[in-house]
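The values are calculated or read from the model by the stated rules, or taken from the named source; none is laboratory data. Just so it is clear, the structure is predicted and the values come from calculations on it, not from any experiment. Reconstructed Cβ throughout: ideal geometry from the backbone, glycine too, with neighbour counts over all protein chains shown. Surface areas here come from the heavy atoms of the whole protein model, side chains and all, with no ligands, DNA or RNA. Shrake-Rupley method; radii C 1.70, N 1.55, O 1.52, S 1.80 Å.
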Amino acid sequence: MTLQLFAHPFSSYCQKVLIALWADGTEFEYRMLDQDHPENMEELERHWPFRLFPLLLDDGVPVVETSCIIEHLQAKHSGPNRWIPEGDPGRRVRFLDRFFDLHVMNNMSCPVFNAIRPEGQRDPYGVEQAMGRLRTAYDWLEANLGDGPWAIGEQFTLADCAAAPSLFYADWVLEIGSTRPRLTAYRARLLAHPAVARAVDEARPYRSFFPLGAPDRD
């Protein structure tokens, strides 16, 4: 069995998969995507022409899209964590996974990518709309997160793998703030989880890449 993950440590979606791998203690080869390893991007592109990452190779078979990668790991390389439980809890996990990716991560990304666009091609209206949707996502989470430590209660799942990087970076773009104490406390618990803390620490050398400026509070 040979698992290879094509990833970069500062990427939020790469962190989502790394959290699952590290939390399970799964052995894999880290194929770093940076200017010092152009061969890794070339190989990724051979398997996935969209050049999006992370990408997992399992004995040469590519698996793409973060939620699918983590589901594949549970099915083929299971560890101590059950990332998607059965029944209603599993359906809740899948919903929250999509919520964090679509309504937090994607809206957080809009002002970030806008900042690196060339002058004259920026979209302030689009950024304003995305920030409004991000506030709505925060408010929904504040009202709908349960009382347990993790997204669905006592079990750390796929939903938390998605929540950790999305809330980590989203708070840099738009602070969650003291008016959302439940969401603030959940983010703090996520950042204290050993696998999440490792993802944050391994990304620290790359904070200059964040075009809006990385705050000192994390």
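Kindly evaluate I70 against the criterion of being outside any helix (DSSP H, G or I), in contact with a Lys or Arg (Cβ under 8 Å, 6 or more places away or on another chain), modelled with pLDDT of 95 or more and open to solvent by less than 80 Å² (accessible area, probe 1.4 Å). Before the answer, list the steps.
Working: outside any helix (DSSP H, G or I): no; in contact with a Lys or Arg (Cβ under 8 Å, 6 or more places away or on another chain): yes; modelled with pLDDT of 95 or more: yes; open to solvent by less than 80 Å² (accessible area, probe 1.4 Å): yes.
Judged against the criteria, I70 is not a match.
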Would it be correct to say that A164 is closer than 21 Å to G90 by Cβ, outside any loop (DSSP other than H, G, I, E, B) and out of contact with any strand residue (DSSP E or B) (no Cβ under 9 Å at 6 or more places or on another chain)?
yes
Could you grab me the full set of residues in the range 1-28 that are open to solvent by less than 30 Å² (accessible area, probe 1.4 Å), among the β-branched types (V, I, T) and under 16 Å from V63 (Cβ atoms)?
V17, T26
Is there any pair linking a residue in the range 119-145 that is over 16 Å from M108 (Cα atoms) and open to solvent by 70 Å² or more (accessible area, probe 1.4 Å) to one that is assigned to a helix (DSSP H, G or I) and not hydroxyl-bearing (S, T, Y), with Cβ under 9 Å and at least six apart or on different chains, and which?
A143/R182
Residues of the range 189-218 satisfying the condition of being among the small types (G, A, S) and either closer than 20 Å to I116 by Cα or part of a loop (DSSP other than H, G, I, E, B) (or both):
A203, S208, G213, A214
Which residues, taken from the range 46-59, are in a loop (DSSP other than H, G, I, E, B) and touching a residue at least 40 places away in the same chain (Cβ under 8 Å)?
F53, P54, D59
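Does N40 count as open to solvent by 60 Å² or more (accessible area, probe 1.4 Å), assigned to a helix (DSSP H, G or I) and not acidic (D, E)? It would help to see each step written out before you state the result.
Numbers: open to solvent by 60 Å² or more (accessible area, probe 1.4 Å): no; assigned to a helix (DSSP H, G or I): yes; not acidic (D, E): yes.
So N40 does not fit the description; no.
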Residue ID - least open to solvent (accessible area, probe 1.4 Å), chosen from residues in the range 104-118 that are out of contact with any Leu (no Cβ under 8 Å at 6 or more places or on another chain) and either within 24 Å of C68 (Cβ to Cβ) or acidic (D, E) (or both):
M105
Go through the range 50-96 and give me each residue that's in contact with a helix residue (DSSP H, G or I) (Cβ under 7 Å, 6 or more places away or on another chain) and polar (S, T, N, Q).
T66, S67, N81
Which number in (1) modelled with pLDDT of 95 or more; (2) within 23 Å of S11 (Cα to Cα); (3) among the hydrophobic types (A, V, I, L, M, F, W, C) marks the one condition that F113 misses?
(1)
Output the qualifying pairs, or none if there are none: Cβ atoms under 8 angstrom, residues six or more apart or on different chains, first residue in the range 22-38 and within 11 Å of P9 (Cα to Cα), second residue open to solvent by 70 Å² or more (accessible area, probe 1.4 Å) and not in a strand (DSSP E or B).
L33/F53
Could you give me the residue pairs with C-beta distances under 6 Å whose first residue belongs to the range 191-218 and is among the aromatic types (F, W, Y), whose second residue is surrounded by 13 or more Cβ atoms within 10 Å (Cβ to Cβ) wherever it lies, and which are 6+ apart or on separate chains?
Y206/F10; F209/F10
Considering only residues that are at pLDDT 95 or above, among the hydrophobic types (A, V, I, L, M, F, W, C) and either in a loop (DSSP other than H, G, I, E, B) or in contact with a Ser or Thr (Cβ under 6 Å, 6 or more places away or on another chain) (or both), which ones fall in the range 1-37?
F10, V17, F28, L33
